[in-house]
Amino acid sequence: MERYFKAFSNGYTGYFNYLLNEMLNPSWHNYFYWLVGLSLTVWALEILFPWRKDQPVLRQDFFQDLFYLFFNFFLFSLVGYNALSNVGVQAFSDFLGLFGIRNLVAFEIQSWPVWGQLLTLFIVRDFIQWNVHRLLHNVSWMWEFHKVHHSVEQMGFAAHLRYHWMETIIYRTFEYIPLAMIGFGIQDFFLVHIFTLAIGHLNHANIDLPLGPLRFLLNSPQMHLWHHVEVLPTDRPNGINYGITLSIWDYLFRTAYQPYAGSHLKLGFPDVGKFPHTLREQLLHPWHQPSSASLPAIRKKLAR
């Protein structure tokens, strides 16, 4: 028990010191200021080149989404996730130790060039996230948490990180074992994080970003807007366009859908108007819902 408490304490104080250092020491290798810089840059693009010209600059829930943006990228980790994940990793290692397993690494790639390790990390992680995203739409209790993200009715860059903190736990849980088995030799995945952050901001931004043939590889604002539509295709009632950064998974597994580049699609989900508007209620809402209230179940009920 003492080891778990120490892991929790070290994770909590370690992240606090890290965050404080990030804020007090601006640099080119600083997540905090990259988040601020990318957010301001994409917001400026929205103002200068808006796709939906009638959408307000300070769109609906703009400031609430800014809170989600900083909370989910930094503050939630400070409040508890980083510390709790240290405890989880320690507990999982102890569990494997009961079976004589001391190392999860299935194959080493430490001898690979750094660019090869980063590319492998990016592709594997994005594919895992694509699958988790599908689960969020198809598993009843997961959908209740994912509703927070889909409650946005006017799309903008800050909606990228508008999600319930429980999603961080779900994503990291599914990512941990596959990434641990690969045995990455580098500790700093800065470029991957910044690249995916930038693409995520752009995908949710109010800008027109035609990619040409690259649309079959990378996600885009035009494609991702369809993921957020209130009325989904009847043959795909659970969801479409699950891609996080890459769109190729949707084309490979036939979940891609973009009949036209609609800029004024109605966003949300059935009964989105009844979804809580305050931050506190949004964060508490999933814990009070019956597990059967999944997106497919709701759509089937409304179709009757």
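What to note about this one:
- Scanning segment 235-268 for residues that are among the hydroxyl-bearing types (Ser, Thr, Tyr) and under 23 Å from Leu197 (Cβ atoms) gives Tyr242, Thr245, Ser247.
- Unmet criterion (only one of (1) outside any helix (DSSP H, G or I); (2) at pLDDT 95 or above; (3) surrounded by fewer than 22 Cβ atoms within 10 Å (Cβ to Cβ)) for Arg134: (1)
- Hits in segment 6-37 - residues which are surrounded by fewer than 18 Cβ atoms within 10 Å (Cβ to Cβ) and at pLDDT 75 or above: Leu24, Asn25, Pro26, Ser27, Trp28, His29, Asn30, Tyr31, Tyr33, Val36, Gly37
- Once segment 200-218 is narrowed to residues that are in a loop (DSSP other than H, G, I, E, B) and over 20 Å from Gln60 (Cα atoms), the residue that is nearest to the chain's Cα centre (by Cα) is Leu217.
- Among the residues of segment 219-264, those that are assigned to a loop (DSSP other than H, G, I, E, B), of a type in the set (A, V, I, L, M, F, W, C) and surrounded by 17 or more Cβ atoms within 10 Å (Cβ to Cβ) comprise Leu232, Ile240, Ile244, Ala256.
The values are calculated or read from the model by the stated rules, or taken from the named source; none is laboratory data. Because the structure is a prediction, the values reported are computed rather than measured. Methodologically, a virtual Cβ is constructed for each residue, glycine included, from the backbone with ideal geometry; neighbour enumeration extends over all protein chains shown.
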